[in-house]
Structure formats: structure tokens, C-alpha cells
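One structure below.
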Amino acid sequence: MANSEYEQLARAAASQSGSAEPSEREREMEEVRQQNLDRFLSKEARSRLQVIKMVKASQARQVEDAILQMVRMGQIRSQVSEKQLLDILEGLRESKAKEEVKIIYNRKGFDESDDEEYDL
């Protein structure tokens, strides 16, 4: 399975003590990552992900990470369709919206009676 290849490559890269350049290792890991994505994404989903990547690369990376994690967990066994990709994207948006913290300041309003309490 390609996921185990990815994990083996990651372990090998971590165990090497500087014999290969970090950029080369990263390039190899990225190749394995792309191979896994190509195997589990339909043609339409792949093109949609490319469009997302052009607009917002960080969001595309999150979607890719989510897909690869779902593959590792066995939740995805066949190719991901464009609709499934959009569902994953929507799920990430909803979880991000839940994570946002809103701070509300309750400020005491100015009241004329406050001035009367303190004769200045």
C-alpha cells in the first residue's frame, strides 16, 4: 500500500543523519504524497483541487491532508468524487468556523446619573 510507503519514507528520512539534503527528502515525500492523492482522487476531483490550490494553497493542503488521513483510517476505499471533495471542504470550513473564538466586550454605558454620584 502506498501509505505504508509514505510512512517508510518518512521514517527513513527521519533516521538519516544529514546524508541527504532536506530538500531532496521533502521532494521525495511530496512525490509519494502526490502519488497517493492521484490514486484516490477522481479526475474531476483532482482538477477541482488544482483550482482550489491556485486560489488558496493552504486550504488545498488541508483538504489533501484530510483525504490522506481518511485513507489511512480506512474511511476511503475508492476514488473520491468531486462531490465528496466538496463535502470534505465544507466540513473543514465548518470545523474552522467552530474553532473561531469571538470576544464580546460588555462595556458599561455612560449614564448621566453616574456623574451625579461623584460631585466633581
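The values are calculated or read from the model by the stated rules, or taken from the named source; none is laboratory data. It should be emphasised that the depicted structure is a prediction, and the values quoted were computed from it without experimental measurement. Because the Cβ atoms are built from the backbone with ideal geometry, glycine has one as well, and the counts that use them run over all protein chains shown. Each accessible area value is taken on the protein alone, full model and side chains, heavy atoms only, with ligands, DNA and RNA left out. Shrake-Rupley method; radii C 1.70, N 1.55, O 1.52, S 1.80 Å.
For this structure, a couple of remarks:
- Label-point separation in nm, residue 57 to residue 28, each point 7 Å along Cα→Cβ: 2.3 nm
- Put a dot 7 Å past the Cα of residue 69, heading toward its Cβ, do the same for residue 106, and the two dots end up 3.5 nm apart.
- Taking every protein chain into account, the 1.4 Å probe leaves residue 93 with about 120 Å² of accessible area, to the nearest ten.
- Under 5 Å, built H, 5+ apart or other chain: amide partners of residue 41: 80
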